[in-house]
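The values are calculated or read from the model by the stated rules, or taken from the named source; none is laboratory data. If you're wondering where the values come from, they're calculated on a predicted model, not measured in any experiment. Here the Cβ positions follow ideal geometry from the backbone for every residue, glycine too, while neighbour counts run over all protein chains shown. Ligands, DNA and RNA are excluded from the accessible area calculation, which covers all protein heavy atoms including side chains. Shrake-Rupley method; radii C 1.70, N 1.55, O 1.52, S 1.80 Å.
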Amino acid sequence: MPDIDQDYHPMLIAGSPAHSDLTIEVRNPFTGMLVGTVPQARPDDVRKAFQAAARSRPQLTRRERTDILLRTASAVRRDQDQLARLITSETGLCLKDALHETKRACDVWSFAAHAMLQSDGEIYPCDIGTTPHERRIFAMRRPLLGVISAITPFNHPLNLVSHKLAPAIATNNRVVLKPSERAPLTALALGRILFEQGLPEEMLSILTGTPNSLQDAMFTDPDAELVTFTGSVCTGRYIAERAGYRKLILELGGNDPIIVLEDADPERAAYLAVQGAIKNSGQRCTAVKRALVAETIADDFADRALHYMRQLMIGDPSDPFVDVGTVISQEAAELIARRVAGAIDDGAVRLLGSRPHGAFYPPTLLDHVRATSELVVEETFGPVLPIIRCPNDIDQIISMANATKFGLSAGVCSNRIDHVTRLINGLDVGSVNVWEVPGYRTELTPFGGIKQSGLGYKEGVLEAMRGFTQLKTYSLPWPV
């Protein structure tokens with residue numbers, strides 16, 4: 001990979017450089033310096049990309065796909081320092097978080113390769129019904145007839161792109177990708193790596209542009225059979241309304257609680273809560289957005305959370321010792337500040353935190369937050385840990401946790417198996433982690449939410465590979 005500079009980076013349509021008469025500047029949120037420029041794509045660029053993909057039907061063998069995926073994992077591992085610096089430069093995330101993301105992306109590519117070692121079909125006997133037959137029914141998964149449209153956000157510009165591309169390549173699909181206009185350079189760097197590892201050019205296009213410039217073309221193109229989108233609820237609902245008759249996989253926002261019951265060790269729970277709230281500058285759909293803490297241990301929990309927050313190092317995100325970088329923009333920091341101020345007006349007590357500076361929002365700890373404050377009703381994308389004190393009643397805590405339009409994930413801190421099982425059964429979320437942060441998972445396991453956190457379809461390598469395929473069945477004569 002070339003060193004990061006202020007170069008112009010063209011789009012890639014079926015592997016070939018593509019340009020536009022207008023460009024987008026990508027600036028470092030911490031310094032404001034120009035990192036690079038990319039073309040401002042238009043709807044006709046989208047049409048060209050989908051047409052180029054639709055003209056081909058990939059016929060890569062499993063071995064060929066496996067080799068491409070494994071070589072890509074090795075290349076990402078080889079270039080992880082440069083990729084991490086690129087992520088930090090265009091997003092403001094601290095280098096620690098960026099390096100962690102490159103390691104997760106390596107897992108995505110290698111897990112997708114290994115997943116192809118498993119059979120993707122099933123066999124059903126036919127001598128079991130009312131009228132038995134000497135036959136067997138076979139089910140197998142086939143690539144989509146059309147093209148996958150993939151749209152990704154800024155907060156994980158390498159890993160979330162990998163989660164769209166690796167399962168698609170593993171299943172012999174073609175993809176048109178539109179990364180966030182705030183962080184397109186990492187996606188383009190990954191695209192170049194893929195082509196260097198032998199990916200057929202017609203299997204991937206990467207378009208850069210703003211939603212306004214592209215209009216609805218990414219999810220209304222006639223050759224787009226499936227739209228997979230990760231991002232905000234507002235945009236996800238808009239896509240669902242406009243996409244028409246096509247498959248949708250929407251992974252949207254979260255308002256994830258960490259629930260701390262009265263039997264929990266407050267030291268251990270506070271450490272998890274702080275880590276869950278500040279990693280990636282709090283800009284994760286699975287970040288801890290609310291700490292629901294039993295009243296009897298809330299004072300102790302708050303003291304220990306304050307201790308861990310004060311240990312965080314803040315500063316230049318490119319410093320390898322810094323724990324918290326910026327949020328994506330000054331506007332994002334100002335929104336967080338307004339919501340924090342609103343919570344304080346509602347009676348919350350600020351234990352730690354100060355005013356934002358540009359795109360930098362300092363780690364913030366609030367106690368006595370009301371459950372009706374906008375800070376915890378909406379998805380607040382920043383390094384803020386709000387403590388909501390709860391009665392020592394498991395049913396009321398479950399009710400408080402579920403009183404949100406989101407349903408992504410939750411963390412539970414308790415040693416009582418009766419309470420843990422009631423929470424697992426009672427929480428209206430896609431995943432529950434006991435003595436872990438809400439966002440814990442591997443890149444292989446199913447992940448996704450309910451309610452306004454998504455349509456119920458799961459991501460993770462295995463589930464994505466299933467979602468990116470059609471199931472075909474056939475039967476053959478088969479003596480019993």
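When the Kirkwood radius is taken over all Cα pairs of the range 310-361, what Stokes-Einstein diffusion coefficient follows at 20 °C and 1.002 mPa s, in µm²/s? Mind showing how you got there, number by number?
On the way: Rh = 12.1 Å.
Translational D for this selection: 178 µm²/s.
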query: From the cross-link list 48/103; 289/458; 103/164; 178/458; 164/458; 247/472, which pairs have alpha carbons spaced over 24 Å apart?
result: 48/103
field: Relative frequency of Cα-Cα separations exceeding 23 Å in the range 305-399, percent
entry: 28 percent
message: Give me P(r) over the chain, computed from all C-alpha to C-alpha distances, binned every 10 Å, as integer percentages.
response: 4, 20, 28, 25, 15, 6, 2, 0
statement: Projecting the Cα atoms of 413, 199, 93 onto the charge dipole of the chain, where Lys and Arg contribute +1 and Asp and Glu -1 at Cβ, the residue farthest towards the positive end is 199
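Over the chain, what is the mean sequence separation of C-alpha contacts under 8 Å (at least six apart), divided by residue count, expressed as relative contact order in percent?
Details: 1117 pairs, mean separation 87.9, N = 480.
Contact order relative to length: 18 percent.
Find the accessible area per residue for the chain; the probe is 1.4 Å, ligands and nucleic acids are left out, and the unit is Å². Write out the running numbers ahead of the final one.
Details: 19990 Å² over 480 residues.
Accessible surface, normalised per residue, equals 42 Å².
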statement: By the mean-Cβ-within-10 Å protection proxy, highest first, 107-117, 288-298 rank as 288-298, 107-117
- prompt: What's the angle, to the nearest 10 degrees (0 to 90), between helix 185-196's Cα axis and the longest principal axis of the chain?
  reply: 30 degrees
- prompt: Toward the positive end of the charge dipole of the chain, about the Cα centre and with charges on Cβ (Lys, Arg +1; Asp, Glu -1), which of 177, 133, 444 goes farthest?
  reply: 133
- prompt: Per-residue HN-Hα couplings for the range 92-103, Karplus 6.51 cos²θ - 1.76 cosθ + 1.60 at θ = phi - 60°, whole Hz, x for Gly and Pro?
  reply: x, 5, 5, 4, 4, 5, 5, 5, 4, 5, 5, 5
task: Please give the peptides 233-239, 216-222 ranked by average Cβ packing (other Cβ atoms within 10 Å per residue), highest first, as a rough proxy for protection.
output: 216-222, 233-239
- prompt: From the backbone phi of the range 380-388, what are the Karplus-calculated ³J(HN,Hα) couplings (6.51 cos²θ - 1.76 cosθ + 1.60, θ = phi - 60°) in whole Hz, Gly and Pro given as x?
  reply: 9, 8, x, x, 10, 10, x, 9, 10
message: Give me a comma-separated list of calculated 3J(HN,Hα) values for the range 267-284, in order, Karplus coefficients 6.51, -1.76, 1.60 applied at θ = phi - 60°, integers in Hz, x for any Gly or Pro.
response: 5, 5, 5, 5, 4, 4, 4, 5, 4, x, 8, 9, 4, 6, 6, x, 9, 9
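With Kirkwood's inverse mean 1/r over C-alpha pairs for Rh, give me the Rg to Rh ratio of the range 38-161, two decimals please.
On the way: Rg = 20.7 Å, Rh = 18.3 Å.
Using only Cα positions, Rg/Rh for the range 38-161 is 1.13.
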query: Hey, what angle do you get for helix 80-91 against the long axis of the chain, alpha-carbon based, 0 to 90 degrees rounded to 10?
result: 60 degrees
- request: With +1 on each Lys and Arg Cβ and -1 on each Asp and Glu Cβ, and nothing else charged, work out how big the dipole of the chain is about its Cα centre, in Debye to the nearest 20.
  value: 1280 debye
field: Computed magnitude of the charge dipole of the range 104-207 (debye, nearest 20; Cβ of K, R +1, Cβ of D, E -1)
entry: 240 debye
message: Taking just the alpha carbons, could you work out the radius of gyration and Dmax for the range 152-210, both in angstroms?
response: 10.6, 29
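Quick check on the chain: helices-only [θ] at 222 nm, where DSSP H runs of length 4 and up contribute -39,500 (n - 2.57) each and the sum goes over total residues. Nearest 500, please. Walk me through the numbers before you get to the answer.
Values: 16 runs with 179 residues, N = 480.
Theoretical 222 nm ellipticity from helices: -11500 deg cm²/dmol.
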query: Angle between the Cα long axis of helix 417-426 and the longest principal axis of the chain, 0 to 90 degrees, nearest 10?
result: 60 degrees
- prompt: What ranking do 91-100, 197-206, 338-347 get when scored by the average of other Cβ atoms within 10 Å per residue, highest first?
  reply: 91-100, 197-206, 338-347
